[in-house]
Amino acid sequence: MIISWAVGHVVELAEPHEYNAEYQKWNIDHLPILPKPFQLTAKSQTIKQLNILRSLINRSDVTRLVNACDAGREGELIFRYIIEYLNYNKPHNRLWLSETTDAAIRTAFSSLRDGQSMNSLSDSAKARSRADWIVGINATRGYTVKHNDKITVGRVQTPTLAILVKRQDDITNFTPTPYFEVHGEFLSGDIRYNGQYYKTVDDKAVTRLETKAEAEIIVNKVTGQPAVITDITEQNITQHPPQLYNLNDLQKDANKKYGYTATETLAIAQKLYESKYITYPRTDSRHLTVEMAATMPDRLNSLRATEAAPLLSGATVDISSNKKYVDNSKVTDHTAIIITDQAVDLTALSENEQKIYWLVAKRTLAIFYPPAQFKKTKITTTVADETFLTNAREVIELGWRVVLSQEEDNDNELPAISLTQGDTAALTAAEIKECETKPPRLLTESDLLTQMEKSNLGTPATRASIIEKLINTGYAMREKKNLIPTAKGMTVIKEIISPTLADVDLTAQWEIKLEEIAQGKYTLDAFISEIEGFTKKVISEIRAQEIILTPQPDSLGSCPLCGKPVIENKKAYGCSGWKEGCKFVIWKKIADKPITKEQAKKLLSAGKTGLIKGFKSKKGSSFDAFLKLEGSNISFDFPPKTVNK
């Protein structure tokens with residue numbers, strides 16, 4: 001057996017100019033560009049590995065390939081693009097892995113799938129790739145040329161940005177409404193407790209008062225009056241363990257608890273998967289198969305030498321018939337993310353890797369614990385015919401919360417109070433709280449992932465990269481855990497982009513059709529025909545659109561390559577002729593030293609800056625130097641050394 005590998009995508013769809021040299025220049029008259037057929041091209045960064053694969057595949061003693069790329073849509077695409085580009089036409093099989101333990105690999109090799117059985121998944125992958133190309137290339141070029149500013153558009157990226165913009169609009173347009181609450185402090189025997197005034201309207205408890213005068217009337221009425229506990233309602237609450245993780249849930253929890261971005265969590269989970277500690281992370285399932293459920297004792301046993309060992313004795317619940325966790329019909333390509341039976345070596349893991357491992361391990365362990373049991377009590381205290389409500393809670397059985405002690409619990413601050421209906425009480429204090437309605441909060445990465453999943457935007461494997469692309473293109477930015485659209489992102493959605501491109505529902509429908517292609521219920525050709533028709537309409541709209549004037553950045557000087565103005569952007573001072581292919585750039589940071597706008601102007605006008613202090617070499621030592629422009633190349637010019645006499 002010969003083993004080799006890809007390095008991510010080593011083959012990709014060809015760029016427009018590879019179909020027609022005229023497309024090198026962005027021109028709205030060329031649009032829409034709809035390749036027939038699509039061509040593939042080798043990525044320059046990985047051409048060396050592709051040539052290695054070519055030499056191995058073309059060997060006379062190689063009669064069959066085994067595709068062992070990631071067991072999912074994108075892994076299938078990586079393999080299919082390689083064999084199509086290399087014109088490979090011999091048989092191939094598919095190795096389908098959900099975990100990389102030795103036993104799992106042996107089992108998968110003993111039951112290889114025929115490569116042709118994966119054709120529907122391959123078609124779905126190609127449909128996604130081609131649709132993204134058609135929509136992205138045409139809409140990006142169209143809007144960019146029309147508005148004379150780089151406007152990046154994506155089939156999933158744009159509606160995701162629209163979610164951020166809508167939330168920002170909701171916050172900006174929010175008008176707070178003042179209201180008032182009345183709170184009382186009571187003493188019954190030796191038990192002190194608090195209650196909130198309420199009145200019953202249409203069988204609902206209403207605590208808000210519209211005016212301060214109303215609140216003052218209530219306070220004056222109850223002050224100094226005797227109180228009695230007129231109603232106690234008890235309710236037994238059962239909380240079952242949470243479902244197992246899919247990637248989206250793991251990313252959300254890691255963002256809430258540790259502030260990790262979706263991309264960071266996916267990278268850590270991938271490393272743990274490759275280290276044989278957790279199952280395949282790029283999954284949308286929260287369930288196990290019956291067959292995998294039978295392997296759980298060995299998986300839990302892998303925790304015996306860890307801090308979780310004392311918790312294993314409590315993991316006694318039989319989950320085999322519990323559809324919340326075990327359901328073959330809810331498992332598609334992969335099961336939920338759980339631990340493997342490989343004993344973990346925590347000393348070999350980084351702090352971040354340990355945190356993600358324990359999220360998965362404890363969630364896996366918790367499903368074998370009984371439910372948490374609570375008694376929730378609602379106490380009504382009446383004073384001068386006015387009612388005050390007190391909520392209390394008593395823990396009966398912690399159950400699975402012994403394992404997941406940090407899990408969210410909206411009622412964990414409620415006190416445990418033991419009172420009896422008919423008991424008298426004294427109102428010891430009454431106060432008015434002035435409040436106002438709160439605007440919607442900014443979306444965290446966890447919130448956005450939730451909305452993307454609910455709206456069927458992207459897949460577990462792609463959502464993280466979509467968020468990063470919004471940030472890298474300058475459409476959104478991170479502020480602590482929050483994601484906020486930039487001014488440009490707001491303008492793009494509200495004033496430039498066609499509403500259909502930002503339509504969450506339309507993109508969700510496309511995702512459903514991609515899944516239908518994978519299931520053999522829809523075809524690649526029909527889907528691409530639909531995308532082409534949509535793109536033609538978008539280009540027609542762009543042609544008819546009024547130009548949204550955007551302020552042009554001030555020129556810092558002339559480009560030494562093509563003579564066009566050099567302007568400032570997010571990361572550099574670059575040539576405004578980039579659309580025509582000019583590559584001249586002065587990076588804003590050179591050798592770890594920020595380059596100011598004034599220094600860039602001086603370099604362009606005089607060919608040399610003044611002495612700049614504080615550059616850092618690769619070894620970390622500081623040095624001072626001039627920047628010198630020779631043709632279009634920027635180099636260091638060092639001051640003469642001082643000789644001590």
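Tabulated data for the structure shown
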{"quantity": "Meets criteria (open to solvent by 40 Å² or more (accessible area, probe 1.4 Å) and either without any contact (Cβ under 8 Å) to a residue 40 or more places away in the chain or over 19 Å from the mean Cα position of the chain (by Cα) (or both)) for Met477", "calculated": "yes"}
{"quantity": "Residue check, Lys521 without any contact (Cβ under 8 Å) to a residue 24 or more places away in the chain and over 27 Å from Leu443 (Cα atoms)", "calculated": "yes"}
{"quantity": "Some residue of the stretch 242-255 being in a strand (DSSP E or B) and surrounded by 15 or more Cβ atoms within 10 Å (Cβ to Cβ)", "calculated": "yes"}
{"quantity": "Test result for Asp298, open to solvent by 30 Å² or more (accessible area, probe 1.4 Å), in contact (Cβ under 8 Å) with a residue 24 or more places away in the chain and in a helix (DSSP H, G or I)", "calculated": "yes"}
{"quantity": "Selection status of Ile83, in a helix (DSSP H, G or I), modelled with pLDDT under 95 and surrounded by 14 or more Cβ atoms within 10 Å (Cβ to Cβ)", "calculated": "no"}
{"quantity": "First in the stretch 26-48 and within 21 Å of Arg141 (Cβ to Cβ) and at pLDDT below 95, second anywhere and hydroxyl-bearing (Ser, Thr, Tyr) and open to solvent by less than 40 Å² (accessible area, probe 1.4 Å), Cβ under 8 Å, 6 or more apart", "calculated": "Trp26/Thr144"}
{"quantity": "Any chance Ser60 is over 17 Å from Arg80 (Cβ atoms), outside any helix (DSSP H, G or I) and more than 34 Å from the chain's Cα centre (by Cα)", "calculated": "yes"}
{"quantity": "Subset of the stretch 123-178 [of a type in the set (S, T, N, Q), part of a helix (DSSP H, G or I) and closer than 28 Å to Pro35 by Cβ]", "calculated": "Ser124, Ser129, Asn138, Thr140, Thr144, Gln157, Thr158, Thr160"}
{"quantity": "Options Ile531, Ile467: the member that is open to solvent by less than 10 Å² (accessible area, probe 1.4 Å), in a helix (DSSP H, G or I) and touching a strand residue (DSSP E or B) at 6+ places or on another chain (Cβ under 9 Å)", "calculated": "Ile467"}
{"quantity": "Residue within the stretch 331-353 that is acidic (Asp, Glu), closer than 30 Å to Met118 by Cβ and touching a residue at least 40 places away in the same chain (Cβ under 8 Å) present", "calculated": "yes"}
{"quantity": "Residues (surrounded by fewer than 23 Cβ atoms within 10 Å (Cβ to Cβ) and in contact (Cβ under 8 Å) with a residue 40 or more places away in the chain) located in the stretch 135-149", "calculated": "Ile137, Thr144, Val145, Lys146, His147, Asn148, Asp149"}
{"quantity": "Unique residue being open to solvent by less than 20 Å² (accessible area, probe 1.4 Å), within 30 Å of Met292 (Cα to Cα) and small (Gly, Ala, Ser) when the list is Ala103, Ala68, Ala108", "calculated": "Ala108"}
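Listed here are the residues, each with its yes/no results for (1) modelled with pLDDT of 95 or more; (2) within 22 Å of Asp298 (Cα to Cα).
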residue	(1), (2)
Ile337	yes, yes
Leu346	no, yes
Asn352	yes, no
Ala366	yes, yes
Pro370	yes, yes
Thr380	yes, no
Asp385	yes, no
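The values are calculated or read from the model by the stated rules, or taken from the named source; none is laboratory data. Predicted model only: the values in this text are computed from it and were never measured. Ideal geometry is used to build each Cβ from the backbone, glycine not excepted, and the neighbour counts take in all protein chains shown. Side chains included, ligands, DNA and RNA excluded: accessible areas come from the protein's heavy atoms. Shrake-Rupley method; radii C 1.70, N 1.55, O 1.52, S 1.80 Å.
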